[in-house]
């Protein structure tokens, strides 16, 4: 069987443990950007559905680069953006034991369109009770719903989740949500063309894979005993324990992942004429035709077509000034 003569760095990152299947098709955002007191009141995130890949030719606007001012081909992703409906308001208090929900206010008309599994009740004096608890409220969330059937996806049950707001204080945020309760918000009201965003999604599932594919472990020589596509050893004889750091077979794909600083090349509508050729002949593969609002993001994003992706204001943005990209041609 032989013995290795040289040491080598471990294969496969431990940063993405556990490499297990995601619990839900809906990604969970655990961290939001710090709320700036200089920004206007608005949502810090949005949601859409992945459509497919296209090529977008732009003029390179990065200063002090060799290709500045020259045409640049960008592999890009189209995201369909149905409008978000603000169906409720939730306030949280915080103490040494964590966050606690203080109040919930829901729109009467929006509750009818939600799933029967979503336990929400309408109260006529809900706004009044919420205003009485504003002094004890530290976090204010907008309860939003996105309806897949609005863009032609057969799923009838909407996705319901919470999004925080940016603004000066709790009062200004509450007034904003009270004025928008039961109404719809579009992506152009949240993001601007040219800015960076973070994309959260569930990656494509690939089933069970061995340690060679899953962790990038090297194959053993062809004369090795019993196996080639396996690790050389699982550990010492004593103690007879297999450490969690040892590369083993298991699930690959269908993990929650975050892509940081994806630049928005365009936010448009399929009815406009500026990108009339956004739909290829016969529609996008595994998706179909894009109807309504959509966004073109430079690069790739996790997931398969028709899968929900959540968009967030950048938490690690390096852009000092926001300039709108100059699009020369869109190739579908």
- Item | Calculated FRET efficiency for the pair residue 238/residue 320, C-beta based, R₀ 41 Å, to 0.05 | 0.10
- Item | Length released on extending from residue 73 to residue 156, taking residue separation times 0.36 nm less the Cα-Cα span | 26.1 nm
- Message: Please state the shape class of region 176-332: rounded when a/c is under 1.5, otherwise prolate if a/b exceeds b/c and oblate if not, all from the C-alpha gyration tensor.
- Response: prolate
- Message: Full-extension gain between residue 245 and residue 7, please, as 0.36 nm times their residue separation minus the C-alpha to C-alpha distance.
- Response: 84.1 nm
- Message: For region 82-185, report the % of Cα-Cα distances exceeding 25 Å.
- Response: 21
- Task: Could I have the simple spin-label model distance between residue 115 and residue 20, label points 7 Å from Cα toward Cβ, reported in nm to one decimal?
- Result: 2.1
- Task: Identify which of the listed values of Cα extents along the principal axes in Å was calculated from the structure shown: (i) 76, 54, 43; (ii) 61, 58, 40; (iii) 71, 34, 34.
- Result: (i)
- For 7, 93, order by how many other beta-carbon atoms lie within 10 Å, fewest first: 7, 93
- Query: Computed FRET efficiency, Cβ-Cβ of residue 183 and residue 208, R0 41 Å: what is it to the nearest 0.05?
  - Reply: 0.35
- Item | Label-point separation, residue 134 to residue 94 (7 Å along Cα→Cβ), nm | 2.0
- Task: Divide the volume of the convex hull of the Cα atoms of region 113-154 by its number of residues and quote the answer in cubic angstrom per residue.
- Result: 110
- Acute angle (nearest 10 degrees) that the helix 170-180 long axis makes with the longest principal axis of the chain, alpha-carbon atoms: 80
- Task: At 0.36 nm per residue, minus the direct Cα-Cα distance, what do residue 30 and residue 101 gain on full extension? Give it in nm, one decimal, please.
- Result: 23.9 nm
- Based on the mean of other beta carbon atoms within 10 Å per residue, what is the order of 178-189, 127-138, 143-154, 293-304, most packed first? 293-304, 143-154, 178-189, 127-138
- Item | Protection proxy ranking, peptides 219-225, 190-196, 234-240, average beta carbon neighbours within 10 Å, highest first | 190-196, 219-225, 234-240
- Message: Once R0 is set to 25 Å, what does the formula 1/(1 + (r/R0)^6) return for the Cβ-Cβ distance between residue 122 and residue 291, expressed as a FRET efficiency to the nearest 0.05?
- Response: 0.20
- For every helix of n ≥ 4 consecutive DSSP H residues, a contribution of -39,500 (n - 2.57) applies; sum these over the chain, divide by its total residues, and give [θ] at 222 nm rounded to the nearest 500 deg cm²/dmol. -2000 deg cm²/dmol
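Bear in mind these aren't lab numbers, they're just calculated from the coordinates by the rules spelled out. Just so it is clear, the structure is predicted and the values come from calculations on it, not from any experiment. Positions of Cβ are generated from backbone atoms using ideal geometry, with glycine treated the same way; all protein chains shown enter the neighbour counts.
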